[in-house]
Amino acid sequence: MQMTDMEAPLATPCNIQICEVTCDSFRIMWDMPPQDTARATHFFIDLSRKESSDPNRFKHRDVPTKLVAKAVPLPMAVRGHWFLSPRTDYCVAVQTAVRQPDGDYLVSEWSQVVEFCTGDYAMEHLQQLLDKAKGTAGRLLKFSVFYRNQHPDYFSYIRKECGGLMCPSLKDISGSHGSPINGKLHGVFFSCNTEFDTGLPPKDSPYGPLRFQIPAGYLLNPNICLYFADFYCMYTAYHYVVLVLAPVGSEGDTFCRTRLPMLDLASNPFLTYNNPQQTGEEPLYCHASDVILEVLFTEPVHLDQGSVEQISGHHQLMSLTTANAKKDPSCKVCNISVGR
């Protein structure tokens, strides 16, 4: 008995290619014979996070486990079917299928498994995050210094081994997983939040008992570009906003310019600089009152530009540190629809 086209086996998809990858979408294409292209009515796509090196990742290779899509011209866009997370490794395999008159499917073998990694937040996603952060910032309060708390060993090392220069280090992976600066941009972190009752930096710190303070004008002035980088929380009621300060034309400025929303120094909800109104007056520096600002300065800072002093409060508040902290994925205030 001669096999009909409906019964002829489908070739296994090969040469799987992934392209146009973003933080929450990708396009996929593969090679198949012309006769299969003409016959195929559906594509089955099996997608999973890369969690182990087990080659037998797809346990049920004879049934569709994830997405069933009507056959479309390749490359096929995959977006919105899963909550894809930014900067995450995934594995994908495909089958082609022909729907039979009785409703069953004639399917090919699964293709080889291909791995790919989703991208960072694009500018449009960071703008969504920025819009959410604006609603949480609160009123602006005056401040006069940036500060950085560390342990005595840190400052001893900076003096003895670095000539007093605090050099930029690579940003960790704390905060939103998709922030473009995580693991890519170097800088020195500073705080600038003040206490409501004193207008001074807080007495306590989770980062160490010694505090380096530097006049605000060294880091925030008309020669500096200000960028928004992240908005997150760590299962707490308060939220963090990460800002980047980069001298105009610097390597940090070049990195941020195409990746992060730039903020107006004189008019934004988080951190502002305004020129003196009259001769002899100081510039006005303000910070947001209802979020904790983490300010990344992209250039080295010398200890001689400020002073190091012992804080009067405690420094054992380790639960408040944000080193490699994971963002709360359930928070409706600081999450956007494209993933954490």
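The values are calculated or read from the model by the stated rules, or taken from the named source; none is laboratory data. This one's a predicted model, so the numbers in the text were calculated from it and none came from an experiment. Glycine also receives a Cβ, built like all others from the backbone with ideal geometry; neighbour counts cover every protein chain displayed. Accessible surface areas use protein heavy atoms only, side chains included; no ligands, DNA or RNA. Shrake-Rupley method; radii C 1.70, N 1.55, O 1.52, S 1.80 Å.
Some observations on this one:
- Complete set of residues in the stretch 234-249 that are over 15 Å from the mean Cα position of the chain (by Cα) and assigned to a strand (DSSP E or B): Leu245, Ala246, Pro247
- Residue match in the stretch 115-125 (condition: within 30 Å of Met32 (Cβ to Cβ), more than 19 Å from the chain's Cα centre (by Cα) and not polar (S, T, N, Q)): yes
- Subset of the stretch 177-208 [more than 19 Å from Pro269 (Cα to Cα) and at pLDDT below 90]: His177, Asp197, Thr198, Leu200, Pro201, Pro202, Lys203, Asp204, Ser205, Pro206, Tyr207, Gly208
- Residues (more than 30 Å from Val21 (Cβ to Cβ), open to solvent by less than 10 Å² (accessible area, probe 1.4 Å) and either in a loop (DSSP other than H, G, I, E, B) or touching a Cys at 6+ places or on another chain (Cβ under 8 Å) (or both)) located in the stretch 139-193: Phe146, Gly164, Val188, Cys192
- Selection from the stretch 250-269 of residues that are open to solvent by 20 Å² or more (accessible area, probe 1.4 Å) and either modelled with pLDDT under 95 or assigned to a helix (DSSP H, G or I) (or both): Glu251, Thr254, Phe255, Arg257
- Matching residues, the stretch 131-167, being of a type in the set (D, E, K, R) and either within 14 Å of Thr272 (Cα to Cα) or out of contact with any Leu (no Cβ under 9 Å at 6 or more places or on another chain) (or both): Asp131, Lys132, Lys134, Arg139, Lys142, Arg148, Asp153, Lys160, Glu161
- Positions within the stretch 270-291 being surrounded by 12 or more Cβ atoms within 10 Å (Cβ to Cβ), of a type in the set (Val, Ile, Thr) and modelled with pLDDT under 95, in sequence order: none
- Complete set of residues in the stretch 199-233 that are assigned to a strand (DSSP E or B) and either hydrophobic (A, V, I, L, M, F, W, C) or open to solvent by less than 10 Å² (accessible area, probe 1.4 Å) (or both): Leu210, Phe212, Ile214, Ile224, Cys225, Leu226, Tyr227, Phe228, Ala229, Asp230, Phe231, Tyr232
- Complete set of residues in the stretch 183-207 that are touching a residue at least 40 places away in the same chain (Cβ under 8 Å), in contact with an Asp or Glu (Cβ under 9 Å, 6 or more places away or on another chain) and of a type in the set (Gly, Ala, Ser): Gly187, Ser191
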